[in-house]
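Step one of this worksheet: look at the structure below.
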Amino acid sequence: MRTAFIQQLIREARQNSKIFLLVGDLGYNVVDSFSSEFPSRYLNVGIAEQNMVGVAVGLAMEGFIPFIYSIANFPTMRCMEQIRNDVCYHDFNINIVSIGGGFSYGSLGASHQATEDIGMMRIIPNMTVCAPGDPTEAKWITHLAVESAHPFYIRLDKAGEAIAHSDQDFSKMKTGDILKVKEGTSIAVLSTGGMLKYSYDFISNNNIYCALYSFPFIKPVNKIQLKQIFEKFKMIITIEEHQSSGGLGSVVLEYLNDFIENDEIQNIPKIRRIAIPDKFYSISGSQNFLRENAGLILKKEFFNNG
């Protein structure tokens, strides 16, 4: 996804001279193409992520559209005060791009596992929170971030992800939209971020007839589309590479509660959440290894009662 992001950012920068890329001492192979073409709109600030946010704010005050790019836990956990008080409070169009969400950097241990970032970002006013499920979604979200006048948080996996969407037209996608990937009748899987292709492959390889939806946006969410999903399905399974608190599963439950409280829906589906349990994983290993250890897997028996 990071390659798709950089490629799209270059396309946008050719059309918009205000786009500026800031990186925190990483990504040389990936961002070289941007820095070579736009050397005056690129800056490596070094290992100083909090200062990088401050630089982005200064650029935004001068009319630029800054993109901050770093390994997922550094521009989020390390910079929360700056993001809240300097970026979101003033509602600047600053785009925070996190590379390696979830267990992407699992071999480096818990310090590099970004498993709480979505929950942290979605509680801050004015912040749009995105977790594209494949490179195609990443490209369109990059375009929407440039067009927006507000802060964006974009959570990406590392690189090499397969495309889950074959022929979907994204040109009309709006911020908050939910994307249907597979048709189904009684059960729906709702996926966000890097779990999309895994979910697609599991459903396809096991000949399971159920719907699959991608949630590239955690905040905001298209309420009309989500309400339609609640009304249509008997059971909903949410799956995400994030702590069970504060992520997609929490968003779905919160909206469902509000719809029920306001008497806006007739059908109340059963919800099964697949997410990281409330614990740290002190072991190191590949992303897939850590996903399995955290229980981020679908099982055939989940679909038996649909």
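The values are calculated or read from the model by the stated rules, or taken from the named source; none is laboratory data. In this text the structure is predicted, and so the values were computed from the model without any measurement. Glycine gets a Cβ as well: all are built from the backbone with ideal geometry, and neighbour counts include every protein chain shown.
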| query | Of all residues in the stretch 17-37, which are outside any strand (DSSP E or B) and either surrounded by 14 or more Cβ atoms within 10 Å (Cβ to Cβ) or of a type in the set (F, W, Y) (or both)? | reply | K18, G24, D25, L26, G27, Y28, V30, V31, S33, F34, S35
| field | Enumeration of residues in the stretch 105-149 that are of a type in the set (S, T, N, Q) and more than 26 Å from K180 (Cβ to Cβ) | value | S107, S111, Q113, T115, N126
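Looking only at the stretch 247-269, count how many residues are under 25 Å from E116 (Cα atoms), out of contact with any Asp or Glu (no Cβ under 7 Å at 6 or more places or on another chain) and touching a residue at least 12 places away in the same chain (Cβ under 8 Å).
Total meeting the criteria: 6.
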| query | Is the stretch 184-197 home to any residue that is within 23 Å of L290 (Cα to Cα), modelled with pLDDT of 95 or more and among the hydroxyl-bearing types (S, T, Y)? | reply | yes
| message | Out of F92, F74, F67, I need the residue that is touching a residue at least 40 places away in the same chain (Cβ under 8 Å), among the aromatic types (F, W, Y) and outside any loop (DSSP other than H, G, I, E, B). Which one? | response | F67
| remark: Taking the stretch 116-147 and the residues there that are among the hydroxyl-bearing types (S, T, Y) and modelled with pLDDT of 95 or more, the one that is farthest from the chain's Cα centre (by Cα) would be T142
| query | When both residues are 6+ apart or on different chains and their Cβ atoms are under 7 Å apart, which pairs have a first residue that lies in the stretch 1-22 and is without any contact (Cβ under 8 Å) to a residue 40 or more places away in the chain, and a second that is basic (K, R) and part of a helix (DSSP H, G or I)? | reply | A13/R41
| task | Report, ordered by the first and then the second residue, all pairs with beta carbons closer than 8 Å, sequence separation of six or more or different chains, a first member in the stretch 195-209 that is among the polar types (S, T, N, Q), and a second member that is assigned to a helix (DSSP H, G or I). | result | N206/K300
